Structures are given as C-alpha cells and as structure tokens.
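The values are calculated or read from the model by the stated rules, or taken from the named source; none is laboratory data. Bear in mind that the values here come from a model prediction, so they are computed numbers and not experimental data. Heads up, the Cβs are rebuilt from the backbone with ideal geometry, glycines too, and the neighbour counts pull from every protein chain shown. Heavy atoms of the whole protein, side chains included, go into the accessibility calculation; ligands, DNA and RNA do not. Shrake-Rupley method; radii C 1.70, N 1.55, O 1.52, S 1.80 Å.
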Amino acid sequence: MWRRRTSSPFQLSEHVVVLTGAGISAESGLSTFRDAGGLWEQVDLEDVATPEGWERNPELVRDFYNQRRQQVLAARPNAGHEALVTLENRCQVSVVTQNVDDLHERAGSSHVLHLHGTIMEARSVVDPDEKMPLGEQDLTQNLTCSGGHPMRPNVVWFGEPVPAMERAVELVSRADHLLVVGSSLNVYPAASLVQFVEPGVPISVVDPDARMNLPGARVIRKAASKGVPEWVNGFRAAFSI
Ligand code: APR
C-alpha cells in the first residue's frame with residue numbers, strides 16, 4: 001500500500017492530498033451539514049446557501065454566516081487538523097477542503113485550497129476579486145465595495161461555479177496518496193475528486209460513519225481527532241519519517 005519515493009530519511013517526495021469536509025471540524029464544535037442535528041436540519045439550505053436565497057433575503061443570509069463565523073472564531077483546531085501539520089513537516093501535503101472555516105490554517109497547514117470559499121471573508125457582489133477580511137466584524141448591509149455595491153460572504157453557494165476545482169483536480173491527479181477526512185462526498189463537483197487519482201494510488205478514509213462507496217479504500221472508522229493521527233503515524237512508520 002505504501003511505496004517509498006526517495007532515500008531521504010526525513011523529507012519524503014511522496015505527495016499526500018487530503019480532502020476534508022465538515023467532519024474534521026466536528027470535534028472543534030462546528031456542526032456538520034448532514035449528520036443528525038446538522039446545519040441542514042436547522043436551516044433550509046435554499047434560504048441561506050443559494051444565490052436565490054440571497055436575492056430573497058440577504059439579511060437572513062448575512063445572519064447565518066455571521067453566527068457561523070463567530071462559532072469558527074471561538075473554535076480551536078483539533079488533533080485531526082494538527083496531525084496533518086505534523087505530516088506536512090515530513091512530506092508534501094496538500095489540503096483540499098470543502099470547509100469554509102480557517103481551522104486548517106490556524107493549526108499550521110500551509111497548503112490549503114478552499115473549494116467552497118471562506119467564511120472569514122466578504123466579497124463584492126459585482127467583482128468576485130474584490131475581497132475583504134472580516135475578522136471579528138459582522139457582515140452588514142452597510143459594508144460595501146469600492147463601487148458602492150453590497151458585499152456578500154466569500155463562499156460558493158449551491159448552483160454557483162467552483163473556481164478552485166481545476167486546481168483541486170490538478171493536485172489530486174498528482175497525489176501519491178489520497179486521504180478523505182470527514183466528508184459524506186454528497187456534493188459535486190467536490191465529491192468527484194476521488195475519481196481523479198491515478199490508478200493504483202491508495203485512498204484512505206477517516207470517518208466514524210463512513211457510508212461512501214470507494215472500492216479498495218482503507219477506512220478508519222474513527223473520529224478525525226483519533227483517526228487522522230492514526231493514519232499519519234502509520235504513514236510515518238511505513239516510510240521511517
Ligand atoms: N470525524 C470525522 N468525520 C466525521 C466526524 C468526526 N468527528 N463527525 C462526522 N463525521 C463525518 C460524517 O459521518 C459525514 O460523513 O463527516 C461527514 C460530514 O458530511 P457532511 O455533513 O455532508 O459534510 P461535507 O461532506 O463536508 O459537505 C460537503 O456540502 O452543504 C455543502 O458546502 C457544504 O462543504 C459542504 C458540502
């Protein structure tokens with residue numbers, strides 16, 4: 001399952017791509033979407049995670065993301081996020097996350113690609129390149145871009161294009177190992193990334209309630225804070241790093 005690509009005892013040229021979802025942040029206190037009691041049982045995604053919902057009631061959408069941002073600010077990375085940083089110090093690790101929280105970055109991961117944007121920023125409704133960090137401040141209707149237009153959460157809503165997908169496919173297609181942590185793989189195109197690994201590249205899953213069908217995948221049916229360190233320790237032992 002593991003194959004060594006370099007003689008270096010410390011820096012391995014293996015490229016590990018980690019596709020994460022809401023489950024990796026669950027033990028940091030952030031709700032997932034589709035678990036019992038998850039976000040989509042609390043609010044209708046059509047109202048808060050679609051362009052139509054924004055047009056209908058921007059105040060409701062701003063409140064939804066403001067509340068989640070405060071929860072993110074109060075959360076801390078867990079051992080699952082931190083184990084990926086330990087690995088990053090020993091080989092090439094690319095995190096491709098569906099999450100809009102910044103826990104990977106706050107744990108210390110330095111190569112993080114946000115497929116669905118980030119809750120920590122707002123962007124102009126007319127120019128997606130005009131972004132603004134929000135920090136602790138709420139996104140309000142008074143926050144406007146340089147052209148005087150409203151600002152919206154810098155996240156990808158259902159039905160919107162996923163600009164980071166091309167880069168994500170490039171990363172996954174160059175992976176020597178793919179690790180999927182805490183995602184139901186219910187949402188496309190993100191879920192299709194597992195199909196872009198080269199034949200023979202090992203796929204592993206860390207999820208206590210893994211339901212996805214990934215033939216040949218190694219599944220660690222544990223929570224991220226236990227399962228990711230377990231996977232990382234196994235990888236490091238296999239390559240003596
Ligand atoms: N550790 C690891 N995995 C966990 C944990 C945990 N502690 N708790 C739950 N999980 C798993 C669940 O079993 C499930 O498979 O995390 C997964 C969460 O799935 P979803 O709630 O569907 O979240 P996700 O896959 O990230 O959703 C993808 O859907 O709503 C959109 O944009 C949103 O990015 C999100 C996308």
Name the long-range amide H neighbours of Val18: under 5 Å, sequence gap of 5 or more, or other chain; modelled H, no Pro or chain starts.
Ser94, Val95, Val96, Leu179
Sites matching chymotrypsin sites (Phe, Trp or Tyr not before Pro) across region 146-210 that sit in DSSP coil, with at most 15 neighbouring C-beta atoms within 10 Å
Phe158
Compute the acute angle (0 to 90°) between the alpha-carbon long axis of helix 224-239 and the principal axis of greatest extent of the alpha-carbon atoms of the chain; round to the nearest 10°.
40
Quick one: pull the percent of accessible area on region 1-110 belonging to carbon and sulfur, 1.4 Å probe, ligands and nucleic acids left out.
49
For region 62-182, dividing by residue count, accessible area per residue (probe 1.4 Å) in Å² works out to 42
Contact order relative to length of the chain, as percent, for alpha carbon pairs under 8 angstrom and 6 or more apart
25
Determine, for each peptide in 222-228, 172-178, the mean count of other beta carbons within 10 angstrom over its residues, then list the peptides with the highest first.
222-228, 172-178
In sequence order, what are the phi-derived ³J(HN,Hα) couplings for region 208-218 according to the Karplus relation 6.51 cos²θ - 1.76 cosθ + 1.60 with θ = phi - 60°, rounded to whole Hz, with x for glycine and proline?
x, 9, 4, 10, 6, 9, 10, x, x, 6, 8
Taking the Cα centre of region 29-144 as the origin, how large is its charge dipole in debye, to the nearest 20, when only Lys and Arg (+1) and Asp and Glu (-1) carry charge on their Cβ atoms?
440
Need one number: % antiparallel among DSSP beta bridges in the chain, to the nearest 5.
25
